[in-house]
2 protein chains.
Amino acid sequence: MKPALFLLAALLAAPLRADEGMWTFDNPPEDQLFERYGFVPTASWLEHARLASLRFSDGGSGSFVSPDGLALTNHHVAVGQLQKMSSPKKDFVKDGFYAKSRSEEIPCPDLEINQLVSYEDATERVMAAIPKDVPPAAANEKRKAAIAALEKDCTDKTGLRCDVVELYQGGEYWVYRYKKYTDVRLVMAPEKQAAFFGGDPDNFTYPRFDLDYAFFRVYEGGKPARPARFFPFKGAGPSEGELVFVTGHPGSTSRLLTAAQLAFERDLAMPVSLKSMRRSRAALEAWSAKGPEQARQAGNSLFGVENGLKVRSGEWEGLSEPKFFAKKEAEESDLRSRVAADPALQKAYGDAWEKMAAAVKAYGADYKRHRIYTGSRYRAHSLAPAAETIVRWVAEAEKPNGDRYAEFRDSALESLRWRLFSPAPTYPEMEEFLLADRLREYVEELGADDPFVKALLDGKTAEEAAAAAVRGTKMGAPAFRKALVEGGRKAVAASDDPLIAFARRADPFYRQMRDWYEDDIESVETEASERIARARFAVYGKSTYPDATFTLRLAFGKAAGYEQGKTLVPYKTVFSGLFARSDSFDGKAPFDLPPLAAASRGKVDMKAPLNFVSSNDITGGNSGSPVIDKDLRLVGLIFDGNVESFPNEYLYSEERGRAVSVHAGGILESLRSIYPMPALLKELESAAADAAGDHSMHH
Amino acid sequence: MKPALFLLAALLAAPLRADEGMWTFDNPPEDQLFERYGFVPTASWLEHARLASLRFSDGGSGSFVSPDGLALTNHHVAVGQLQKMSSPKKDFVKDGFYAKSRSEEIPCPDLEINQLVSYEDATERVMAAIPKDVPPAAANEKRKAAIAALEKDCTDKTGLRCDVVELYQGGEYWVYRYKKYTDVRLVMAPEKQAAFFGGDPDNFTYPRFDLDYAFFRVYEGGKPARPARFFPFKGAGPSEGELVFVTGHPGSTSRLLTAAQLAFERDLAMPVSLKSMRRSRAALEAWSAKGPEQARQAGNSLFGVENGLKVRSGEWEGLSEPKFFAKKEAEESDLRSRVAADPALQKAYGDAWEKMAAAVKAYGADYKRHRIYTGSRYRAHSLAPAAETIVRWVAEAEKPNGDRYAEFRDSALESLRWRLFSPAPTYPEMEEFLLADRLREYVEELGADDPFVKALLDGKTAEEAAAAAVRGTKMGAPAFRKALVEGGRKAVAASDDPLIAFARRADPFYRQMRDWYEDDIESVETEASERIARARFAVYGKSTYPDATFTLRLAFGKAAGYEQGKTLVPYKTVFSGLFARSDSFDGKAPFDLPPLAAASRGKVDMKAPLNFVSSNDITGGNSGSPVIDKDLRLVGLIFDGNVESFPNEYLYSEERGRAVSVHAGGILESLRSIYPMPALLKELESAAADAAGDHSMHH
């Protein structure tokens, strides 16, 4: 080992010292917290934080903030629901929504909120189901069947949503049990321009001036829920340097990938994905350009694609940094050399990295086809993916639970029904426009002779094929979708709906490619990952955290500015900064003041805090996460990460990567001086006052 | 030629299309201006701009802004004078200075202001003085003698300050004639914290919120001067995208250097210089840490070093960029291949690049010694360099004018006397402290056995040698310095002043190294540069501008924001941004509000413009330059460049490099609402109103 590498290895072997980690609640970073902040959360602290934290089915996080079921998340997590509630006449996205009383709160069409009520280690049970020395594909089958059985058994017994969560790349499996809330009503959302001031240019940047929040109320039995735990607001927020926690649901990270997997991402997967996303953006922009109603329809999807493009391109730049790769390779080489130094470890795990590299290589050979045949190719579409889901579901439904694709297992069906039968509006004309573009993309990428492309086009041009599929479909009606699913395979096979016919043509190719991937690639990768995870446990113990899995995690850090270029970025922003930035651009979009804020100039406290940054380790999915202090008060609301945090996907950096939050005081000030919401303000303030008098809050 | 290089060469051969260039007034960029902005300045426009523009002996630029001799420049150009006028009791730097009436205006101790009244091409005359086929050292002598004669002749005839300016690396020589103003009085300067809000972190950054201005009044015969031309204020400033001009005195650039010279800078000169500057900074910080009075004494020098370090390190980063070097090499290769393609050009100029490379290599071999023996080794000192100057001067004074070092020629003597006999305060204790550190540096860099180091130390430690040189010196008294110079070589040789003795020991080493450099290096480089310049004229014509030489230049551009990271930076800032930035840092230094601005919260118009950025091509020395519109109104005051403009030293970039100005409206708003200066405000407003009614202003 060269001296430089040796030094790095020594550093790696030392316990983590940064504000790093998205920790599971069963393994909080007690040593790091004690050493850095002199604070260790108790079991009741952790239980409180867990029960007050929420997961939103639209892909974000949130929390209970009052004893009457008030739930807080980001505007950009809520915006899908706002859009579905809106119409050409009432645009809640543009104008905001303000329920003055509980009777004015509007039910969301298809929002499900989950609360993690308990969890249990199931690693032994999953492992026990996999016989020794079977080939990877067979082991994969067994593993999936065991997981499905565990989930079904749990749901049957508890009535809860039960998910088996794979942690540490298969090093552990846990059963997570969720209470589901499906009667969720919108209470208040500011105008999109207030939530997203600065638009795409400011997205992922800081200093920032966004009121990116929305309030919902969770109902049970037609009445406001009475959650066991909630986070009372602390308007003063964090002081500079103060310890703060984020309890949320980071979606996914890739920190435990091998060097071979990372190189695959860097050299193939990400460039291909970026190209396709740029194409999606162009198509959505073209649709938006047709008029204000079209722009409204495409708005949320366009935001999603722009967002994704910024993140992915930032991640890709980080990944392409030679220094980054050197660090990852040094980490891997340290682990491998420690494994090699122990004959027992070497025998059990030594060849896992080569196995992984071989699987990655095999995947790369057919990556593009796999991505297009099975991938998330319908970004911003709703009808076509629903049709494909129905075609697939009715076939899967006939299989034993354990043999089905994971998303059609019994434990997932309630949520699937909820989404698939949603009464949310659909936009067939936009769908046709986007589908035609997607089909053109397939032709360009795979060639017109590709059998899948041929099947989809069915002898037509891309435009004709899209028109044929979408025009005349009845898939827009939830009842029609429901009837098809209830009619089962026979009804679907007999349907003359053109979009169902289109989905039927796609299905065999999808299955062929997904089965190849699961049997020949994923199974080998999973098996190699599991062994590498066990090797890591054997060498380093459970001193680290697993990659993100859209499950509840605890991240700690401090409110802190950072260096940028040659200057300093402050830890917080204030309301005058919002007006300053708008005036600096002469009020030009996307820096035009939100109308209600403009009307409140003079009323708003210009020194009141608006946003702040902290060193917590977060990623996509954390949107809407509460930021709490050590007394379990809500001091902020995660809504973004800065550009410097993009490489977080692969490597946390405390130096300049930051989580960006709406300041609790900024929310309160806006409810006081910009939005006329006295009842809501009072509810938050009473909850805070009650909690302050409640000694059980202090741990 | 490879295709990629060919394409680049084609681009390079095309006329400049960017907002690029620091143009001499004899060769304004008419084609670029017409094509980009549809405006071509007339001869009377150029004359007005030239006569209203000023050069400050403290190393900056400025302009006349009223018919009563009011002159505007930066606070950081004025700060040396402010410091000299201050005392432990009255700190004009910290508190600002406010003359309510003309009788309160205070004379500056040693500020000279120059106005370029005429200029003339002298290339033929310089060239005629150099015989053909003499060796470079002899040619260099002749060249210098010819320049000295030209300057003396001009001064004798006109009574003006006359400088022969070398342009295009010796491609042209011009006589520039300056009117000198030496009765300059301070009118107003804001507090340093207002001029330099954000301190070192914000220096060279943008968005910015600085009132970096100061007003002087130029007097003639004890009365306010009545300048022939001035720039009236235009408080509305530029609109976004508007054409603006900068007429100022950029100090130096290195855009016409050869690849060999650039590599020398990158690999040797800059790393050595950065190391020494970091050491200077540490020494000045150590002195400042001793107490508030020490901090005051070191303040301006520390600012200068920090400033210089940021610039140089930014330049060095730019220079170290492989892409940058590739572009420079492609430019050189294009010129060389065009020269090679023409036998006459090849014969005259073909070997100039190899000659240059050889001289650079020879210089590199003894660079460190040359730098220490002759360099600007007394940053922030005043007594030691004065002593060395006196020792050298009395010896040079005995030589014929043309044989002297350039700075002792007759034409330079008046300004030299002015500086050397200045009554500005000196700080012997700081001097001793800094000199000791400098001597330690020499020991570390050259070794204790180096003859120069030995001579300076004179058998003592660095601390002892510094104490011996500074304690007991009478050099602090202007009359003592004057007497020594008047006493000539004899008086200096006989002086038992310890600092003069120190300087006498240094002098022979200085001369030896300077003569070696001038005869063996500079002469070869100058000759090679001249030939390369002529080759460039022969190939491209006079389609470009010369490197900066601290002489008057015209730069054009537009008020425009830019992209930074993933977001947009606005073209201007407003007063609310100042308060926002301070509040975002909870008012912590260096983001504490200047006291008078803090007291004016509520009175100041928060939407009023404060600073703005434009694409004009500037560099150090442009500080204090007026920014004017095409109607010759002052819309701003250059005070900085952003970090993205650092590579400007070598290569202009319009994309993100920006000049940073105080907005004319920001100055007026501050005089209205923060500083109680009604007479000054009225003078500026009357001048603007009169000019608006004066049709001769419109060209």
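The values are calculated or read from the model by the stated rules, or taken from the named source; none is laboratory data. Model, not experiment: these values are computed from the prediction. Glycine gets a Cβ as well: all are built from the backbone with ideal geometry, and neighbour counts include every protein chain shown.
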Checklist line | Selected residue (criterion: nearest to the other protein chains (Cβ to nearest Cβ)) from residues of the stretch B:205-227 that are out of contact with any strand residue (DSSP E or B) (no Cβ under 6 Å at 6 or more places or on another chain) and crowded, with 23+ Cβ neighbours inside 10 Å | finding: B:Asp210
Notebook entry, point to check: Inside the stretch B:92-109, can you point out the residues that are among the charged types (D, E, K, R) and buried (at least 19 other Cβ atoms within 10 Å of the Cβ)?
Noted result: B:Glu105
Margin query: Can you say whether B:Asp95 is within 24 Å of the chain's Cα centre (by Cα) and not small (Gly, Ala, Ser), as far as the supplied structure shows?
Written below: no
Checklist line | Given (1) of a type outside the set (A, V, I, L, M, F, W, C); (2) in contact with a Ser or Thr (Cβ under 8 Å, 6 or more places away or on another chain); (3) touching a residue at least 12 places away in the same chain (Cβ under 8 Å), index of the condition A:Gly488 fails | finding: (2)
Notebook entry, point to check: Which members of the stretch B:545-560 meet the condition of being touching a strand residue (DSSP E or B) at 6+ places or on another chain (Cβ under 9 Å), away from chain A (no Cβ under 14 Å) and assigned to a loop (DSSP other than H, G, I, E, B)?
Noted result: B:Tyr545, B:Pro546, B:Asp547, B:Thr549, B:Phe550, B:Thr551, B:Leu552
Margin query: If I ask for residues that are closer than 18 Å to A:Gly641 by Cα, more than 7 Å from every other protein chain (Cβ to nearest Cβ) and not in a strand (DSSP E or B), which ones from the stretch A:561-579 would you list?
Written below: A:Gly561, A:Tyr571
Notebook entry, point to check: Identify, please: which residue in the stretch A:228-240 is part of a loop (DSSP other than H, G, I, E, B) and away from every other protein chain (no Cβ under 14 Å) and is, among those, surrounded by the fewest Cβ atoms within 10 Å (Cβ to Cβ)?
Noted result: A:Ala228
Next item on the list: Pull up the stretch A:314-345, narrow it to residues that are within 30 Å of A:Asp200 (Cβ to Cβ) and surrounded by fewer than 16 Cβ atoms within 10 Å (Cβ to Cβ), then point me to the one that is nearest to the chain's Cα centre (by Cα).
Entry: A:Glu317
Next item on the list: Sort out which residues of the stretch A:398-425 are touching a Leu at 6+ places or on another chain (Cβ under 9 Å) and modelled with pLDDT of 90 or more, and write them in order of number.
Entry: A:Phe408
Item checked: Residue, farthest from B:Tyr206 (Cα to Cα), within the stretch B:538-559, restricted to residues that are surrounded by fewer than 23 Cβ atoms within 10 Å (Cβ to Cβ) and in contact with a Gly (Cβ under 6 Å, 6 or more places away or on another chain) -> B:Phe550
Notebook entry, point to check: Could you list, in sequence order, the residues of the stretch B:614-625 that are in a loop (DSSP other than H, G, I, E, B), surrounded by 24 or more Cβ atoms within 10 Å (Cβ to Cβ) and on the phi < 0 side of the Ramachandran plot?
Noted result: B:Ser615, B:Asn616, B:Asp617, B:Ile618, B:Thr619, B:Asn622, B:Ser623, B:Ser625
Checklist line | Number of the condition not met by A:Asn611 [criteria: (1) more than 9 Å from chain B (Cβ to nearest Cβ); (2) surrounded by fewer than 24 Cβ atoms within 10 Å (Cβ to Cβ); (3) within 20 Å of A:Arg672 (Cα to Cα); (4) not basic (Lys, Arg)] | finding: (2)
Note to self: within 22 Å of B:Ser615 (Cβ to Cβ), more than 14 Å from every other protein chain (Cβ to nearest Cβ), at pLDDT below 95 and crowded, with 18+ Cβ neighbours inside 10 Å: which single residue out of B:Leu284, B:Leu243, B:Leu256 fits that description?
What the structure shows: B:Leu256
Checklist line | Which listed residue is within 14 Å of chain A (Cβ to nearest Cβ) and in a helix (DSSP H, G or I), from B:Ala535, B:Ala598, B:Ala589 | finding: B:Ala598
Notebook entry, point to check: Can you find a residue in the stretch B:482-502 that is crowded, with 17+ Cβ neighbours inside 10 Å, among the basic types (Lys, Arg) and more than 30 Å from B:Lys142 (Cβ to Cβ)?
Noted result: no
Notebook entry, point to check: Is it fair to say A:Ser66 is outside any strand (DSSP E or B), touching a helix residue (DSSP H, G or I) at 6+ places or on another chain (Cβ under 6 Å) and over 20 Å from A:Asp403 (Cβ atoms)?
Noted result: yes
Next item on the list: Output yes when any residue across the stretch A:626-641 is assigned to a loop (DSSP other than H, G, I, E, B) and either polar (S, T, N, Q) or within 14 Å of chain B (Cβ to nearest Cβ) (or both), and no when none is.
Entry: no
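In the set B:Glu120, B:Glu30, B:Glu35, B:Glu20, which member is farther than 30 Å from B:Pro595 by Cβ, acidic (Asp, Glu) and not assigned by TED's automatic domain parsing to the domain that holds B:Phe197?
Going through B:Glu120, B:Glu30, B:Glu35, B:Glu20 in turn, just one is farther than 30 Å from B:Pro595 by Cβ, acidic (Asp, Glu) and not assigned by TED's automatic domain parsing to the domain that holds B:Phe197: B:Glu120.
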Checklist line | Residue satisfying condition, being touching a helix residue (DSSP H, G or I) at 6+ places or on another chain (Cβ under 8 Å) and more than 30 Å from A:Gly199 (Cβ to Cβ), within set A:Arg161, A:Arg102 | finding: A:Arg161
Item checked: First in the stretch A:442-455 and closer than 11 Å to A:Lys368 by Cβ, second anywhere and charged (D, E, K, R), Cβ under 8 Å, 6 or more apart -> A:Tyr442/A:Asp450; A:Glu445/A:Lys368; A:Leu446/A:Lys368; A:Leu446/A:Arg369; A:Asp450/A:Arg369
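Could we say that A:Glu265 is part of a loop (DSSP other than H, G, I, E, B) and on the phi < 0 side of the Ramachandran plot here? Full working, then the answer.
Working: part of a loop (DSSP other than H, G, I, E, B): no; on the phi < 0 side of the Ramachandran plot: yes.
Spelling it out, it is not the case that A:Glu265 is part of a loop (DSSP other than H, G, I, E, B) and on the phi < 0 side of the Ramachandran plot.
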Check: In the set B:Ala424, B:Ala395, B:Ala386, which member is part of a loop (DSSP other than H, G, I, E, B) and either crowded, with 16+ Cβ neighbours inside 10 Å or among the hydrophobic types (A, V, I, L, M, F, W, C) (or both)?
Finding: B:Ala424
Notebook entry, point to check: When you look at A:Glu191, is it modelled with pLDDT of 95 or more and either of a type in the set (Gly, Ala, Ser) or in the same structural domain as A:Val662 (by TED's automatic domain parsing) (or both), yes or no?
Noted result: yes
Next item on the list: Name, by its number, the condition in (1) assigned by TED's automatic domain parsing to the domain that holds A:Thr247; (2) more than 28 Å from A:Met22 (Cβ to Cβ) that does not hold for A:Pro131.
Entry: (1)
